[in-house]
Amino acid sequence: MSGMDLPLTGGCLCGAVRFEVAAEPLVAFACCCTECQRASGSAFSMSVLVRKDAFRLVAGEPRRWLRPGPSGKPSAQYSCPTCSARTHAEPGYSDEVVSIRVGALDAARQIAPGAFFWLREAPAWFRPPKDVLAYETNPADLTPVGEAWRAAQAT
């Protein structure tokens, strides 16, 4: 997302919860797992990872709930207590990042995924774009995903 104005801003559907991000995202990805399909009501969900120290709530108090993450550690999920829109999460695999739902960002239209995860659970009709990385489950290492995403953003 080279050249995007910072801070990035976003929030829930009704506007009661708002946040800002002071640094560019580390990576953007789409997840086709069954849970993301249910949570989004679609074939996949999209997220960006940002440094936790760059994320800050500026309005509202989101509702927090815990769910087991793929790592087995609890993942804190946040949503608006009024409209129930999911905005972000603190994934159980890292204390250093926040995962933000791309649809919660005001600049969502400008963000394309660097990879698709959990294709083995994707709807039978879904095919990711040929020029985007694709994984049957979670990648063991996000480094190649971040590198590919940053390279695509620079073009």
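The values are calculated or read from the model by the stated rules, or taken from the named source; none is laboratory data. Every value quoted in this text rests on a predicted model; they were computed, and no experiment measured them. No Cβ is skipped: glycine too gets one built from the backbone with ideal geometry, and neighbour counts run over all protein chains shown.
Of the listed requirements (1) aliphatic (A, V, I, L, M); (2) farther than 21 Å from GLU147 by Cβ; (3) touching a residue at least 24 places away in the same chain (Cβ under 8 Å), ALA76 misses just one: (3). CYS12 falls short on exactly one of the conditions (1) in contact with a Pro (Cβ under 9 Å, 6 or more places away or on another chain); (2) of a type outside the set (D, E, K, R); (3) closer than 18 Å to ALA112 by Cα, and that condition is (3).
For every residue, the table says whether it meets (1) among the small types (Gly, Ala, Ser); (2) more than 14 Å from VAL17 (Cβ to Cβ); (3) at pLDDT below 95; (4) in contact with a helix residue (DSSP H, G or I) (Cβ under 6 Å, 6 or more places away or on another chain).
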residue: ALA54; (1), (2), (3), (4): yes, yes, no, no
residue: VAL58; (1), (2), (3), (4): no, no, no, no
residue: PRO68; (1), (2), (3), (4): no, yes, yes, no
residue: LYS73; (1), (2), (3), (4): no, yes, yes, no
residue: GLN77; (1), (2), (3), (4): no, no, yes, no
residue: PRO81; (1), (2), (3), (4): no, no, no, no
residue: ALA85; (1), (2), (3), (4): yes, no, yes, no
residue: GLY92; (1), (2), (3), (4): yes, yes, yes, no
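Within the range 113-133, which residues are surrounded by fewer than 16 Cβ atoms within 10 Å (Cβ to Cβ) and of a type in the set (Gly, Ala, Ser)? I'd like the intermediate steps shown before the answer.
Let us first name the residues in the range 113-133 that are surrounded by fewer than 16 Cβ atoms within 10 Å (Cβ to Cβ), namely 120, 123-127, 129-131.
Once the filter is applied, which keeps residues that are surrounded by fewer than 16 Cβ atoms within 10 Å (Cβ to Cβ) and of a type in the set (Gly, Ala, Ser), the range 113-133 yields only ALA124.
Being surrounded by 18 or more Cβ atoms within 10 Å (Cβ to Cβ) and not polar (S, T, N, Q) is the filter; apply it to the range 44-59 and report the residue that is farthest from TRP125 (Cα to Cα). Steps first, please.
We begin by selecting, within the range 44-59, every residue surrounded by 18 or more Cβ atoms within 10 Å (Cβ to Cβ); these are 44-50, 54-55.
Narrowing further to those that are not polar (S, T, N, Q): 44, 46, 48-50, 54-55.
On the way: PHE44: 12, MET46: 18, VAL48: 25, LEU49: 27, VAL50: 31, ALA54: 37, PHE55: 36 Å.
Within the range 44-59, the match that is farthest from TRP125 (Cα to Cα) is ALA54.
Residues of the range 79-103 that are among the charged types (D, E, K, R), closer than 19 Å to GLY15 by Cα and out of contact with any Cys (no Cβ under 9 Å at 6 or more places or on another chain): ARG101 alone. The set of residues in the range 41-52 that are of a type outside the set (A, V, I, L, M, F, W, C) and in contact (Cβ under 8 Å) with a residue 24 or more places away in the chain comprises SER45, SER47, ARG51, LYS52. The strands (runs of 3 or more DSSP E) located wholly in the range 1-109 that include 1 or more residues which are aromatic (Phe, Trp, Tyr) occupy 18-21, 27-31, 55-59, 63-68, 74-79.
Within this structure, ARG150 passes the test of being more than 13 Å from the chain's Cα centre (by Cα) and assigned to a helix (DSSP H, G or I).
For the range 115-143, filtering for residues that are more than 17 Å from LEU49 (Cβ to Cβ), in contact with a Ser or Thr (Cβ under 8 Å, 6 or more places away or on another chain) and assigned to a loop (DSSP other than H, G, I, E, B) leaves 0.
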